[in-house]
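Undergrad: Got a structure for you, questions after.
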Amino acid sequence: MRKALLFAIYLACALPLSAQVTTLPSRSGTILGPTGLFSVPTADVLTARKFQIGTHFGRDLSTVALNAGFANFVELGVSYLDRDDADNRTIANAKVQFIPTGFENLKIGVGVIDVAKAVERTGYIMLTTRAKVPPSVEDTMSQLILHAGYGTGLFREKIIGGAEGVLNAKWRVLIEYDGDNVNGGLRYSHDENLRLQAGVLRNQLFFSAGYTLEF
């Protein structure tokens with residue numbers, strides 16, 4: 001795990017920053033709940049007094065999740081898993097975010113999926129940063145966001161991660177590696193609240209949606 005963390009820190013710090021681009025907030029829950037890509041969580045969390053209701057629809061698994069942000073650096077959530085090949089389960093998740101002093105472009109997230117071990121308790125540490133957009137895609141992509149880390153349990157004690165390519169204020173293309181599969185798709189941010197996603201997850205088509213509110 002130490003090697004994975006050092007590799008992720010090197011990756012995050014070695015890449016130059018891209019130009020600042022104003023885009024709509026794009027935080028969305030993963031298939032199991034925590035804020036992230038499709039199945040891989042990121043260092044991002046919901047900010048204080050925000051909560052998000054999310055749904056995921058796949059061939060073998062459908063989920064409903066509720067996440068809430070506390071104090072701008074803590075996220076707690078609960079997810080209901082409707083599984084075709086196993087009993088349905090409810091799992092709890094927790095994540096804490098750190099921003100190292102002097103590294104404002106770098107966020108670190110440490111979390112647990114399935115705290116009570118209803119399915120398989122999974123710990124993870126993730127780093128998130130912005131990177132320079134490759135010259136070959138500058139005409140279509142305004143910003144590149146990288147995520148890298150390490151996960152236990154469901155992530156098979158492997159390095160995990162992914163990337164978000166910001167196409168414009170509303171559209172992003174996402175790709176991830178979950179320790180076993182490469183998944184990809186699109187995320188649409190309709191406004192400050194509504195998120196829609198579609199793509200291929202574990203070799204199956206899926207659709208998900210999330211709505212953010214403030215309390």
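The values are calculated or read from the model by the stated rules, or taken from the named source; none is laboratory data. Computed from a predicted model, the values in this text were never measured in an experiment. Positions of Cβ are backbone-derived with ideal geometry, glycine not excepted, and every protein chain shown enters the neighbour counts.
Undergrad: For the range 99-130, give me the residue count where each residue is in contact (Cβ under 8 Å) with a residue 40 or more places away in the chain, under 19 Å from VAL74 (Cβ atoms) and in a strand (DSSP E or B).
TA: Adding up the residues that qualify gives 10.
Undergrad: Are any residues in the range 159-174 in contact (Cβ under 8 Å) with a residue 40 or more places away in the chain and part of a strand (DSSP E or B), and if so, which ones?
TA: Within the range 159-174, ILE159, ILE160, GLY161, GLY162, GLU164, VAL166, ARG172, LEU174 qualify.
Undergrad: Is it true that some residue in the range 172-180 is of a type in the set (A, V, I, L, M, F, W, C), more than 29 Å from GLY153 (Cβ to Cβ) and surrounded by 15 or more Cβ atoms within 10 Å (Cβ to Cβ)?
TA: No - not one qualifying residue is present in the range 172-180.
Undergrad: Checking THR47 against (1) buried (at least 16 other Cβ atoms within 10 Å of the Cβ); (2) at pLDDT 95 or above, which test does it fail?
TA: (2)
Undergrad: Which condition number in (1) over 23 Å from LEU127 (Cα atoms); (2) touching a Leu at 6+ places or on another chain (Cβ under 9 Å); (3) outside any loop (DSSP other than H, G, I, E, B) is the one that THR55 fails?
TA: Result: THR55 passes all but (2).
Undergrad: One residue is enough: does the range 135-157 have a residue meeting the conditions among the charged types (D, E, K, R), surrounded by fewer than 22 Cβ atoms within 10 Å (Cβ to Cβ) and either farther than 23 Å from ASN181 by Cα or more than 20 Å from the chain's Cα centre (by Cα) (or both)?
TA: Yes: one or more hits.
Undergrad: Residues to consider are ILE145, ILE175, ILE159; find the one that is closer than 13 Å to SER39 by Cα and at pLDDT 95 or above.
TA: ILE175
Undergrad: Exactly one condition in (1) closer than 16 Å to SER28 by Cβ; (2) touching a residue at least 60 places away in the same chain (Cβ under 8 Å); (3) in contact with a Leu (Cβ under 7 Å, 6 or more places away or on another chain) is not met by GLU75; state its number.
TA: Answer for GLU75: the failing condition is (2).
Undergrad: When the range 79-110 is examined, which residues are found to be farther than 18 Å from ALA43 by Cα and not charged (D, E, K, R)?
TA: Of everything in the range 79-110, those that are farther than 18 Å from ALA43 by Cα and not charged (D, E, K, R) turn out to be SER79, TYR80, LEU81, ALA86, ASN88, THR90, ILE91.
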